[in-house]
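**Student:** Take a look at the following structure, please.
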Amino acid sequence: MKQSQLFTKTKKESPADEVSLNAELLIRAGYINKEMAGVYSYLPLGLKVIKKIENIIREEMDKIGGIEMRTSVFQNKEVWEKSNRWDDEVVDNWFKTKLKNGTEVGLSFTNEEAYADILKQYINSYKDLPVYPYDFKNIFRNEARSKSGILRGREFYWKALYSFSKNDEEHNIFYEKSKEAYKNIFRRVGIGHLTYLTFASGGTFSKFSHEFQTVTSAGEDLIYVDPNKGIAINKEVYNDEVIESLGLKKEELVENKAVEVGNIFSLGTKFSAPFELKYKDENGEEKLVIMGSYGIGLGRLMGTVVEVLSDDKGIIWPESIAPFKVHLLSLGGDENVRNGAEDLYNKLKERGIEVLFDDRADTSAGEKFADSDLIGIPYRVVVSKRSLADGGFEVKKRTEVQGKIINEQELIGLLETKN
């Protein structure tokens with residue numbers, strides 16, 4: 001992509017109505033546009049990041065047997081009345097509306113009922129289980145107050161997988177696989193070293209549910225981390241009994257603020273029972289299906305990456321989810337420089353290397369450098385009279401202070417290397 005053709009522009013000033021770092025940087029860098037409190041549009045650069053996060057999640061879900069589908073945003077009132085979650089006194093953050101014929105519908109705020117209702121049509125025998133459907137979709141929650149940028153919104157994009165198993169043993173096997181899949185996701189998006197499997201309340205279903213919490217000062221949760229074991233306890237269940245049951249020592253736990261970037265729950269039969277979601281076992285006996293829930297908010301994950309991987313100049317994207325691998329800058333109006341940059345741009349594209357080419361003729365070198373740091377693409381490659389005179393192009397990682405001059409062959413070899 002050529003930057004002269006990118007309709008979005010960077011901004012020098014932070015939005016007056018944003019206090020969260022993730023929203024400030026993403027708006028200034030041209031990744032998102034704020035529509036209203038808690039509602040953001042993803043601009044071309046932002047959508048590229050979201051799609052890369054989505055692909056990583058999809059790969060990890062498919063590895064453990066996930067089957068992708070897509071559920072409707074519109075939700076049937078009668079379906080949700082079966083679990084008593086249509087009532088506003090039970091769930092107070094529904095967005096509800098009416099069709100022209102007067103039928104009342106809701107906009108998805110979660111998916112347990114929707115999946116149970118669909119799967120009831122297809123699960124009859126033990127031979128139909130287990131099954132692990134999932135989807136990516138927009139979710140809507142009528143929050144009284146929206147804050148923290150894209151970490152907490154009224155509309156957000158998420159992945160939800162639901163497991164349907166014959167018994168607790170089968171469920172637990174998949175549950176453990178999902179833990180590892182989630183760890184892989186957070187490692188691949190660049191925050192694995194700051195993200196901890198966190199023991200939280202299991203409600204009525206199990207002793208614990210499990211959250212994945214990323215340590216950051218922007219967090220709304222308080223967790224107690226054992227850095228050596230790589231696990232944490234949410235404040236809501238933090239007590240001596242829990243600490244002891246997990247084999248931890250209170251004096252070794254470190255208190256941190258954190259953001260929940262994912263969660264997994266054992267649901268038991270809470271949602272299969274109201275829908276009579278049953279199967280016949282080998283003996284012909286009817287039994288309720290055991291369910292589990294596994295969620296990740298993609299926008300929240302993107303915002304968390306920005307919160308923890310940025311500096312005073314801007315965003316620092318990991319290569320795995322950066323909108324482009326290379327930010328190519330052409331400096332000055334010299335014809336040899338322009339031709340050299342254009343030629344390099346075409347060669348990188350031909351080799352399948354993702355490149356954003358800052359070909360703007362009316363922008364100073366200082367502005368281009370500042371924009372490059374703000375946008376946060378992993379590699380910056382500069383073509384200038386000086387670099388050409390020194391035999392090549394100046395390449396610098398976003399995290400490096402000083403660049404170096406290398407020739408075209410070395411540059412392509414560097415950029416084609418898988419990190």
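**Student:** Between a first residue in the range 402-417 that is assigned to a helix (DSSP H, G or I) and a second residue that is surrounded by 15 or more Cβ atoms within 10 Å (Cβ to Cβ) and of a type in the set (Lys, Arg), which pairs have beta carbons less than 8 Å apart while being 6 or more apart in sequence or on different chains?
**Tutor:** Every condition considered, the pairs that remain are LEU415/LYS325.
**Student:** List pairs: first residue in the range 360-371 and in contact (Cβ under 8 Å) with a residue 24 or more places away in the chain, second residue outside any loop (DSSP other than H, G, I, E, B) anywhere in the structure, Cβ distance under 6 angstrom, at least six positions apart or on different chains.
**Tutor:** The qualifying pairs are ARG360/GLN3; ARG360/SER4; LYS368/LEU329; LYS368/ASP358.
**Student:** Next question, about the same structure. Out of ILE233, ILE223, report the one residue that is within 23 Å of ASN22 (Cβ to Cβ) and free of Cβ contacts under 8 Å to residues at least 60 places away in the same chain. So that I can check it myself, show each step before the final result.
**Tutor:** Details: ILE233 fails: within 23 Å of ASN22 (Cβ to Cβ).
Only one candidate qualifies: ILE223.
**Student:** Examine the range 397-408 for a residue that is closer than 16 Å to GLN3 by Cα and either under 35 Å from the mean Cα position of the chain (by Cα) or outside the structural domain of VAL189 (by TED's automatic domain parsing) (or both), and state whether such a residue exists.
**Tutor:** Filtering the range 397-408 down to residues closer than 16 Å to GLN3 by Cα leaves none.
No, because not a single residue in the range 397-408 is closer than 16 Å to GLN3 by Cα and either under 35 Å from the mean Cα position of the chain (by Cα) or outside the structural domain of VAL189 (by TED's automatic domain parsing) (or both).
**Student:** Among the listed residues VAL337, VAL306, which satisfies the condition of being in contact with a helix residue (DSSP H, G or I) (Cβ under 8 Å, 6 or more places away or on another chain) and either without any contact (Cβ under 8 Å) to a residue 12 or more places away in the chain or in the same structural domain as GLY30 (by TED's automatic domain parsing) (or both)?
**Tutor:** Working: VAL337 fails: either without any contact (Cβ under 8 Å) to a residue 12 or more places away in the chain or in the same structural domain as GLY30 (by TED's automatic domain parsing) (or both).
Unique residue meeting the criteria: VAL306.
**Student:** Now for a separate question. Which of the residues spanning the range 206-224 are surrounded by 18 or more Cβ atoms within 10 Å (Cβ to Cβ) and either aromatic (Phe, Trp, Tyr) or in contact with a helix residue (DSSP H, G or I) (Cβ under 6 Å, 6 or more places away or on another chain) (or both)?
**Tutor:** PHE208, PHE212, THR214, VAL215, THR216, ALA218, TYR224, listed by residue number.
**Student:** Of all residues in the range 76-118, which are in contact with a helix residue (DSSP H, G or I) (Cβ under 7 Å, 6 or more places away or on another chain) and of a type in the set (Phe, Trp, Tyr)?
**Tutor:** TRP80, TRP86
**Student:** I've got another one for you. When the residues of the range 313-337 are narrowed to those that are surrounded by fewer than 20 Cβ atoms within 10 Å (Cβ to Cβ) and in contact with a Gly (Cβ under 8 Å, 6 or more places away or on another chain), which ends up nearest to LYS51 (Cα to Cα)?
**Tutor:** SER320
Residue-by-condition table, conditions (1) in a helix (DSSP H, G or I); (2) modelled with pLDDT of 95 or more; (3) not β-branched (Val, Ile, Thr):
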position	(1), (2), (3)
PRO15	no, no, yes
SER41	no, yes, yes
LEU47	yes, yes, yes
ILE50	yes, yes, no
GLU60	yes, yes, yes
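**Student:** Filter the range 1-38 for residues that are over 28 Å from ASP362 (Cα atoms), touching a Lys or Arg at 6+ places or on another chain (Cβ under 9 Å) and surrounded by fewer than 15 Cβ atoms within 10 Å (Cβ to Cβ) and give the result.
**Tutor:** Once the filter is applied, which keeps residues that are over 28 Å from ASP362 (Cα atoms), touching a Lys or Arg at 6+ places or on another chain (Cβ under 9 Å) and surrounded by fewer than 15 Cβ atoms within 10 Å (Cβ to Cβ), the range 1-38 yields ASP17, VAL19, MET36, ALA37.
**Student:** Moving on. When the range 147-157 is examined, which residues are found to be part of a strand (DSSP E or B) and either in contact with a Ser or Thr (Cβ under 7 Å, 6 or more places away or on another chain) or of a type outside the set (Asp, Glu) (or both)? Can you show your working first?
**Tutor:** Narrowing the range 147-157 to residues part of a strand (DSSP E or B): 155-157.
Selection gives PHE156, TYR157.
**Student:** Report, by residue number, each residue of the range 111-135 that is farther than 13 Å from GLY292 by Cα and either among the polar types (S, T, N, Q) or not in a helix (DSSP H, G or I) (or both).
**Tutor:** Taking the range 111-135 and keeping what is farther than 13 Å from GLY292 by Cα, we get 114, 117-129, 135.
LYS120, GLN121, TYR122, ILE123, ASN124, SER125, LEU129, ASP135 - these are the residues of the range 111-135 that are farther than 13 Å from GLY292 by Cα and either among the polar types (S, T, N, Q) or not in a helix (DSSP H, G or I) (or both).
**Student:** Look at GLU169 and say whether it is closer than 23 Å to ILE56 by Cα and assigned by TED's automatic domain parsing to the domain that holds ASN256.
**Tutor:** On the way: closer than 23 Å to ILE56 by Cα: no; assigned by TED's automatic domain parsing to the domain that holds ASN256: yes.
So GLU169 does not fit the description; no.
**Student:** So which residues in the range 59-86 are without any contact (Cβ under 8 Å) to a residue 24 or more places away in the chain and within 19 Å of PRO133 (Cα to Cα), if there are any at all?
**Tutor:** GLU59, ASP62
**Student:** Can ASN55 be described as in a helix (DSSP H, G or I), more than 30 Å from LEU99 (Cα to Cα) and touching a residue at least 60 places away in the same chain (Cβ under 8 Å)?
**Tutor:** Details: in a helix (DSSP H, G or I): yes; more than 30 Å from LEU99 (Cα to Cα): yes; touching a residue at least 60 places away in the same chain (Cβ under 8 Å): no.
For ASN55, the condition - in a helix (DSSP H, G or I), more than 30 Å from LEU99 (Cα to Cα) and touching a residue at least 60 places away in the same chain (Cβ under 8 Å) - is not met.
**Student:** Ok, one more. Run THR71 past the list (1) touching a helix residue (DSSP H, G or I) at 6+ places or on another chain (Cβ under 8 Å); (2) farther than 22 Å from GLY297 by Cα and report the number of the one that doesn't hold.
**Tutor:** Of (1) touching a helix residue (DSSP H, G or I) at 6+ places or on another chain (Cβ under 8 Å); (2) farther than 22 Å from GLY297 by Cα, only one is false for THR71: (2).
**Student:** Which ones in the range 111-134 are surrounded by fewer than 18 Cβ atoms within 10 Å (Cβ to Cβ) and out of contact with any Phe, Trp or Tyr (no Cβ under 8 Å at 6 or more places or on another chain)?
**Tutor:** GLN121, TYR122, LYS127
**Student:** Ok, one more. Kindly indicate which of ALA144, ALA160 is outside any strand (DSSP E or B) and in the same structural domain as THR71 (by TED's automatic domain parsing). Spell out the reasoning first.
**Tutor:** Values: ALA160 fails: outside any strand (DSSP E or B).
The match here is ALA144.
**Student:** Hey, another quick one. Looking at the range 336-388 only, could you name the residues that are of a type in the set (Val, Ile, Thr) and closer than 16 Å to ARG398 by Cα?
**Tutor:** To start, the set of residues in the range 336-388 that are of a type in the set (Val, Ile, Thr) comprises 337, 353, 355, 363, 375, 377, 381-383.
Passing the criteria: VAL355, ILE375, ILE377, VAL381, VAL382.
**Student:** To continue, here is another question. Checking the structure you have, find out if any residue of the range 360-372 is within 25 Å of the chain's Cα centre (by Cα) and either closer than 21 Å to LEU25 by Cα or modelled with pLDDT of 95 or more (or both). Break it down stepwise before answering.
**Tutor:** Step one: filter the range 360-372 for residues within 25 Å of the chain's Cα centre (by Cα), giving 371-372.
Subsequent filtering for residues that are either closer than 21 Å to LEU25 by Cα or modelled with pLDDT of 95 or more (or both) retains 371-372.
Within the range 360-372, one or more residues are within 25 Å of the chain's Cα centre (by Cα) and either closer than 21 Å to LEU25 by Cα or modelled with pLDDT of 95 or more (or both).
The values are calculated or read from the model by the stated rules, or taken from the named source; none is laboratory data. Bear in mind the structure is a predicted one, so any value in this text is a computation, not a measurement. Neighbour counts run over all protein chains shown; Cβ positions are idealised from the backbone, glycine included.
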